[in-house]
Amino acid sequence: MASQRVFPLSCVVQQYAWGKMGSNSEVARLLASSDPRAGISEDKPYAELWMGTHPRGDAKILDNRISQKTLGQWIAENQDCLGSKVKDTFNGKLPFLFKVLSVETALSIQAHPNKELAEKLHLQAPQHYPDANHKPEMAIALTSFQGLCGFRPAEEIVTFLMKVPEFHFLIGDNAATQLKQSLSRDSQTVASALKNCFSHLMKSEKKVVVEQLNLLVKRISQQVAAGNNVEDICGELLLQLHQQYPGDIGCFAIYFLNLLTLKPGEAMFLEANVPHAYLKGDCVECMACSDNTVRAGLTSKFIDVPTLCEMLSYTPSPSKERLFPPTQSQEDPYLSIYDPPVPDFTVMKMQVPGSTTEYKVLVLDSASILLMVQGTVTASTPKAQAAVPLQRGGVLFIGANENVTLKLTVPEDLLIFRACCLL
């Protein structure tokens, strides 16, 4: 466009092994819709679509009036497009990475450090913790999306200790008794007992873990074969995780962590020190720009059990409290805002009925990235010489304080997500 502050992007696909294969993946389907020339290989995983300036996935600008540049290169030369507060707060850089994830195989029991711990870990082990930033994340479901998030209420964990002898064996009698006795005590006592239990599990000898896991898998498999319900011990999920990661300690984490199944539009926010894992489904994700992840199971990557056990927030809560509901905009009936308690990012969801002829995108004092999940429009600004066509899978960069109008070219409902920074 004439101002060269609003333009489409070509984004980077990451083909990690845990991703959904071929056209089963929402990432692949979005890619195929936005660019019919993009051939989708049914035998390849399409795990993530990266929309941002990350060095391993810097988006390319699709505008002939801007010489062949990546978004990161262009922002470095045009920092005012970030918005004055964003530019000053984040040293002239886009503070977030926007993604679509399509998960087929579980992605590691993990947590992300706060800034203080990130700086310390980066100094101690830069090969494993490559930067000094925190990495809060938010996942918003596009399809039914299953994940583990935060510690279950202690009562639920005690129930599993009684129902799953293999789990109890790894925790040990003393730690299990301590947790049971803490139920009638204050929250600090519960947290201390929970930390002791979780640490006992995660520091178990590999040989013992494999033995107990094999016993549990055999027992659940026999129950399933006999037609018995194993839901009370998450039997189906345990078998699924064991099939994906045989003998892995992370399989037992389902008895500690809340199991969430998000419906489309529902979200979970993963602040620092909250244990979590994505299990299956498609989501939009936004995160602070960092690669710092502390892992302890369900992964082939570097595992750092001592750091994880020490850093975690041992605050139990019911699974429904892990949901992160959006707020409805007062000015725009089609706009929902997911605004987490961190400065790095906010995500907006726009659901516009197909009967609308045009939709004005909210003007922000922040650069933003807009993803078309459903619908067909043209995007124009008052200064534009020509409108930009956008369809499902299309991605648009919008500089700070730009007025953008979307005109519907097909009368179908729009579903749009937009990542920005509301300081």
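The values are calculated or read from the model by the stated rules, or taken from the named source; none is laboratory data. For clarity, every value in this text was computed on a predicted model and none was experimentally measured. Glycine gets a Cβ as well: all are built from the backbone with ideal geometry, and neighbour counts include every protein chain shown. Just the protein is used for accessible areas: all its heavy atoms, side chains included, with ligands, DNA and RNA removed. Shrake-Rupley method; radii C 1.70, N 1.55, O 1.52, S 1.80 Å.
Taking the criterion of being of a type in the set (Val, Ile, Thr), within 19 Å of the chain's Cα centre (by Cα) and open to solvent by less than 70 Å² (accessible area, probe 1.4 Å), would at least one residue in segment 233-255 satisfy it?
Yes, segment 233-255 contains at least one residue that is of a type in the set (Val, Ile, Thr), within 19 Å of the chain's Cα centre (by Cα) and open to solvent by less than 70 Å² (accessible area, probe 1.4 Å).
Which members of segment 176-231 meet the condition of being assigned to a helix (DSSP H, G or I) and β-branched (Val, Ile, Thr)?
Our first condition is that a residue be assigned to a helix (DSSP H, G or I); within segment 176-231, this holds for 176-182, 187-202, 206-225, 231.
Passing the criteria: Thr177, Thr189, Val190, Val208, Val209, Val210, Val217, Ile220, Val224.
Given (1) under 24 Å from Gly265 (Cα atoms); (2) in contact (Cβ under 8 Å) with a residue 40 or more places away in the chain; (3) among the polar types (S, T, N, Q), where does Gln385 come up short, assuming only one miss?
Every condition holds for Gln385 apart from (1).
Find the strands (runs of 3 or more DSSP E) located wholly in segment 284-361 whose residues include 1 or more that are in the same structural domain as Leu406 (by the TED database) and surrounded by 21 or more Cβ atoms within 10 Å (Cβ to Cβ), and list them. Break it down stepwise before answering.
Working: elements: 294-297, 335-338, 346-352, 358-361.
Fully inside segment 284-361 and qualifying: 346-352, 358-361.
Out of segment 159-196, which residues are open to solvent by less than 20 Å² (accessible area, probe 1.4 Å) and closer than 17 Å to Gly235 by Cβ?
Within segment 159-196, Phe160, Leu161, Val164, Glu166, Phe167 meet the criteria.
What pairs come out if I take residues in segment 61-88 that are open to solvent by 20 Å² or more (accessible area, probe 1.4 Å) and pair them with residues that are aromatic (Phe, Trp, Tyr) whose C-beta lies under 7 Å away, six or more apart or interchain?
Leu62/Phe7
State all residues of segment 177-200 that are over 14 Å from Val158 (Cβ atoms) and touching a Phe, Trp or Tyr at 6+ places or on another chain (Cβ under 6 Å); if no residue qualifies, say none.
Listed by number, the residues that qualify are Ala191, Lys195.
Would you mind finding the one in Asn24, Asn64, Asn91 that is out of contact with any strand residue (DSSP E or B) (no Cβ under 7 Å at 6 or more places or on another chain), over 20 Å from Val363 (Cα atoms) and at pLDDT below 95?
That would be Asn64, the only listed residue that is out of contact with any strand residue (DSSP E or B) (no Cβ under 7 Å at 6 or more places or on another chain), over 20 Å from Val363 (Cα atoms) and at pLDDT below 95.
Which of the residues that make up segment 31-52 are open to solvent by 30 Å² or more (accessible area, probe 1.4 Å) and among the hydroxyl-bearing types (Ser, Thr, Tyr)?
Within segment 31-52, Ser33, Ser34, Ser41 qualify.
What are the residues in segment 362-385 that are open to solvent by 50 Å² or more (accessible area, probe 1.4 Å) and at pLDDT below 95, if any? Quick ask: steps written out before the conclusion?
In the first step, residues of segment 362-385 are kept if they are open to solvent by 50 Å² or more (accessible area, probe 1.4 Å); the result is 362-363, 365, 374, 382-383, 385.
If the condition is that a residue be open to solvent by 50 Å² or more (accessible area, probe 1.4 Å) and at pLDDT below 95, then Pro382, Lys383, Gln385 are the ones that fit.
Identify, please: which residue in segment 128-151 is among the small types (Gly, Ala, Ser) and open to solvent by 40 Å² or more (accessible area, probe 1.4 Å) and is, among those, nearest to Leu260 (Cα to Cα)?
Selected residue: Ser144.
Among the residues of segment 7-44, how many are outside any strand (DSSP E or B) and touching a residue at least 60 places away in the same chain (Cβ under 8 Å)?
15
Can you confirm whether segment 140-156 contains a residue that is assigned by the TED database to the domain that holds Cys251, touching a residue at least 12 places away in the same chain (Cβ under 8 Å), more than 25 Å from Ala193 (Cα to Cα) and among the β-branched types (Val, Ile, Thr)?
Checked segment 140-156: at least one residue is assigned by the TED database to the domain that holds Cys251, touching a residue at least 12 places away in the same chain (Cβ under 8 Å), more than 25 Å from Ala193 (Cα to Cα) and among the β-branched types (Val, Ile, Thr).
Give Cys197, Cys283, Cys234 a once-over and let me know the one that is within 21 Å of Trp18 (Cα to Cα) and modelled with pLDDT of 95 or more.
Cys283
Give me a count of the residues in segment 157-172 that are in contact with a helix residue (DSSP H, G or I) (Cβ under 6 Å, 6 or more places away or on another chain) and either free of Cβ contacts under 8 Å to residues at least 40 places away in the same chain or not basic (Lys, Arg) (or both).
Start the filter on segment 157-172 by keeping residues that are in contact with a helix residue (DSSP H, G or I) (Cβ under 6 Å, 6 or more places away or on another chain), which leaves 158, 160-161, 163-164, 166-172.
Imposing the further condition that a residue be either free of Cβ contacts under 8 Å to residues at least 40 places away in the same chain or not basic (Lys, Arg) (or both) reduces the set to 158, 160-161, 164, 166-172.
Number of matching residues: 11.
Any residue that is open to solvent by less than 70 Å² (accessible area, probe 1.4 Å), in contact (Cβ under 8 Å) with a residue 40 or more places away in the chain and over 20 Å from the mean Cα position of the chain (by Cα) - is there at least one of those in segment 99-121?
The answer is yes, given that some residue of segment 99-121 is open to solvent by less than 70 Å² (accessible area, probe 1.4 Å), in contact (Cβ under 8 Å) with a residue 40 or more places away in the chain and over 20 Å from the mean Cα position of the chain (by Cα).
Does Ala125 count as open to solvent by less than 30 Å² (accessible area, probe 1.4 Å), small (Gly, Ala, Ser) and either assigned by the TED database to the domain that holds Asn24 or modelled with pLDDT of 95 or more (or both)?
no
For Gly393, work out the one condition from (1) more than 19 Å from the chain's Cα centre (by Cα); (2) surrounded by 23 or more Cβ atoms within 10 Å (Cβ to Cβ) it doesn't fulfil.
With respect to (1) more than 19 Å from the chain's Cα centre (by Cα); (2) surrounded by 23 or more Cβ atoms within 10 Å (Cβ to Cβ), Gly393 is out only on (1).
Among what's in segment 239-248 and is in contact with a Leu (Cβ under 7 Å, 6 or more places away or on another chain) and either acidic (Asp, Glu) or in a helix (DSSP H, G or I) (or both), pick the residue that is farthest from Pro316 (Cα to Cα).
Pass one, segment 239-248, residues in contact with a Leu (Cβ under 7 Å, 6 or more places away or on another chain): 241-242, 245, 247-248.
In the following step, the residues that additionally are either acidic (Asp, Glu) or in a helix (DSSP H, G or I) (or both) were identified as 241-242, 248.
Numbers: Leu241: 23, His242: 25, Asp248: 24 Å.
Going through the qualifying residues, I end up with His242.
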